[in-house]
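For reference, the structure is listed below as structure tokens.
The values are calculated or read from the model by the stated rules, or taken from the named source; none is laboratory data. Keep in mind the model is a prediction, meaning the values are calculated, not measured. Here the Cβ positions follow ideal geometry from the backbone for every residue, glycine too, while neighbour counts run over all protein chains shown.
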Amino acid sequence: MILAAGLTPALQQIVVLESFSTGEVNRAVETRWCASGKVLNVGIALEHLGVASRTLSLLGRRADSYIEHELATLDISCRWIRTVAPTRICTTILDRATGRSTELVENAAAVTADELDRFADAFAEEARDSRAVVLTGSMPAGTPRDFYARLLATTTAPVVLDVRGPELHAALEHRPLLIKPNVVELAHTLSCSAEVLAEDDDALIAACRELIERGAQWTLITRGSRPALLCSAAAAYELVPPRLDSVVNAIGSGDCAAAAFAWAITGGHDVPDACRHALAAGTLNARVLLPGRLSAADVTAWAQRVECRRV
């Protein structure tokens, strides 16, 4: 079993416009609602990949019935820790004219110490039987920065850690198998220039190795249209996924990558090849409107099209 765990689910509204103009009335040509947030995107992707999985998250009022119903319809095994604070609602605006997306993100409200304790207990229980763990997403306001480190201390399973900033720093001592910030998140974590990291390969490798020295086993860094970079203490690789002629909705592509990596690792692939599956999944996700709706056969086929070269 693979465990997808995170503290900040969301109910997502996706609004498709022919053209988006700020300060003007914009009328949608299509509107969809879906369960989302990084942890739920990972859980949905794992289910579509056909692997045994469990999704553990917080769930509050306002959006709970919709999210529960959708995930039940998708046959996703979930464990919820109920919160007094409502689950957030986020909006994605897709502009067909430019192909660009705009994200309106509601930050997750604070939860109680008791709710966090119950989540930690549930995590330890679920992770005990897991072959891999994907721990992902931001933390609600006021959550202790070492909370993810506290969770990782309770598992020996290989961990994909998709967080940033102080919470990433605190968790590195527990040696996650893979961390996967994008270049902006990496710069935020290390308090350095994203522009330099995006353009200077040597600086980017040095930044990755800094996080490896602190405990990460591998780092996978995405940087927009440029090749992704995979680093360990001993090796570095560039990975180039196939180009898409058009992008429908890239939201959730990083979450699909995390899910596919865990799926591939538990299927016996080594880390570089698992990252080829990760980038294939992220690319395929951008072709559809709703996040996480992957096909294992498609991901396997597209992984063979991801170039992987040592640098």
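Only one of these conditions is not met by Ala63: (1) modelled with pLDDT of 95 or more; (2) within 29 Å of Asp129 (Cβ to Cβ); (3) small (Gly, Ala, Ser). Which number is it?
(1)
List the residue pairs whose Cβ atoms are under 7 Å apart, where the first residue sits in the range 165-194 and is at positive phi, the second is at pLDDT 95 or above, and the two are 6 or more positions apart or on different chains.
Matching pairs, first to second residue: Arg175/Gly215; Arg175/Gln217.
Restricting attention to the range 149-162, report how many residues are of a type in the set (Val, Ile, Thr) and assigned to a loop (DSSP other than H, G, I, E, B).
Adding up the residues that qualify gives 3.
Within the range 215-230, identify whether any single residue is farther than 22 Å from Leu279 by Cβ and over 18 Å from the mean Cα position of the chain (by Cα), and answer yes or no.
Yes.
Counting only residues that are hydroxyl-bearing (Ser, Thr, Tyr) and more than 14 Å from Thr156 (Cβ to Cβ), which one in the range 120-144 is surrounded by the most Cβ atoms within 10 Å (Cβ to Cβ)?
Thr136
From Arg145, Arg164, grab the single residue that is basic (Lys, Arg) and within 18 Å of the chain's Cα centre (by Cα).
One residue alone meets the criteria, Arg164.
Have a look at Ser53, Ser36, Ser57 and point out the one that is among the hydroxyl-bearing types (Ser, Thr, Tyr), in contact with a strand residue (DSSP E or B) (Cβ under 8 Å, 6 or more places away or on another chain) and under 17 Å from Ser253 (Cα atoms).
Being among the hydroxyl-bearing types (Ser, Thr, Tyr), in contact with a strand residue (DSSP E or B) (Cβ under 8 Å, 6 or more places away or on another chain) and under 17 Å from Ser253 (Cα atoms) holds for just one of Ser53, Ser36, Ser57, which is Ser36.
Restricting to the range 250-274, and then to whatever is free of Cβ contacts under 8 Å to residues at least 60 places away in the same chain and of a type outside the set (Gly, Ala, Ser), can you tell me which residue is surrounded by the fewest Cβ atoms within 10 Å (Cβ to Cβ)?
Per the stated criteria, the residue is Asp270.
For the range 212-221, which positions are surrounded by fewer than 23 Cβ atoms within 10 Å (Cβ to Cβ) and not basic (Lys, Arg)?
Matches in the range 212-221: Ile212, Glu213, Gly215, Gln217.
Please verify whether Ala4 is buried (at least 23 other Cβ atoms within 10 Å of the Cβ) and either in contact with a Leu (Cβ under 7 Å, 6 or more places away or on another chain) or in a loop (DSSP other than H, G, I, E, B) (or both), treating the condition exactly as stated.
So Ala4 fits the description; yes.
Take the residues in the range 232-249 that are under 29 Å from Val105 (Cβ atoms) and surrounded by 19 or more Cβ atoms within 10 Å (Cβ to Cβ); name whichever of them is nearest to the chain's Cα centre (by Cα).
Asn249
Which members of the range 106-136 meet the condition of being free of Cβ contacts under 8 Å to residues at least 24 places away in the same chain and either closer than 20 Å to Arg32 by Cα or hydrophobic (A, V, I, L, M, F, W, C) (or both)?
Ala113
Residues Leu239, Leu220, Leu230: which one is closer than 19 Å to Val163 by Cβ, among the aliphatic types (A, V, I, L, M) and in contact with an Asp or Glu (Cβ under 9 Å, 6 or more places away or on another chain)?
Leu230
Anything in the range 114-146 that is small (Gly, Ala, Ser) and touching a Pro at 6+ places or on another chain (Cβ under 9 Å)? List them, or say none.
Ala132, Gly137
Read through the list (1) surrounded by 19 or more Cβ atoms within 10 Å (Cβ to Cβ); (2) at pLDDT 90 or above; (3) farther than 19 Å from Arg310 by Cα, then give the number of the only condition that Glu173 fails.
Here Glu173 meets the rest and fails (1).
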